Every structure is written in C-alpha cells, then in structure tokens.
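Here's the structure, in structure tokens; my notes come after.
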Amino acid sequence: MYQLLRSLSTQALVRDQLPVFLISFIIASVFYKFGKFFLFGFKLGFAAECVAFLATWYVLDLVYSTVVKPRFFPTPVTSSTDV
C-alpha cells in the first residue's frame, strides 16, 4: 500500500484507483456478510470481509488495467523525433 501511494501521483490515484476502490467497497458492503465464525478461537468475520474486499479490489483493478483502460482510454503515441 505504501509503495502504491508513493509510486503514483495524486492525479493518477484519483483517476485510476479511486473508481475501482469505490466499486469494490460498495460490492463488499452489500454482498460480503460472513457473519461470526471462529477459527482457533478467534472471531474472523471482519477479517474475512477485509480479505474479500482486498481480493475484489485486486481483481477489479486487474480487469480495469488490462481490459477497460487500454480499450477506452488509450495512451497517445508520441514520437521521439523533433520536427
């Protein structure tokens, strides 16, 4: 997370990560209700929901970066020669 925040500019974070983050957050809030279950005596409902949210964010960001962004927001090609 620290590397993500350091490597991207504020504009890139808002443009690329914020929409995917918000969609993932909404999906997690609406659909991920794992309730209370125990593993080795620890309640893991909230932890499981956090892991599911991060996995959703990862998958949606992967789809956005590899499918949506190149198709709908192509980067302009610049020539390296000066005229």
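The values are calculated or read from the model by the stated rules, or taken from the named source; none is laboratory data. Everything quoted here is computed from the prediction, not taken from an experiment. Here the Cβ is made from the backbone with ideal geometry for all residues, glycine too, and neighbour counts use every protein chain on show.
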Enumeration of residues in the range 24-36 that are modelled with pLDDT of 90 or more and either under 17 Å from L4 (Cβ atoms) or among the charged types (D, E, K, R) (or both): S24, F25
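Does A12 satisfy the criteria of being assigned to a helix (DSSP H, G or I), within 16 Å of the chain's Cα centre (by Cα) and at pLDDT below 85?
On the way: assigned to a helix (DSSP H, G or I): yes; within 16 Å of the chain's Cα centre (by Cα): yes; at pLDDT below 85: yes.
Taking the combined requirement at face value, the residue satisfies it.
When you check L39 against the structure, is it modelled with pLDDT under 80, surrounded by 11 or more Cβ atoms within 10 Å (Cβ to Cβ) and over 26 Å from L4 (Cα atoms), yes or no?
On the way: modelled with pLDDT under 80: yes; surrounded by 11 or more Cβ atoms within 10 Å (Cβ to Cβ): no; over 26 Å from L4 (Cα atoms): yes.
When the stated conditions are applied, L39 does not pass them.
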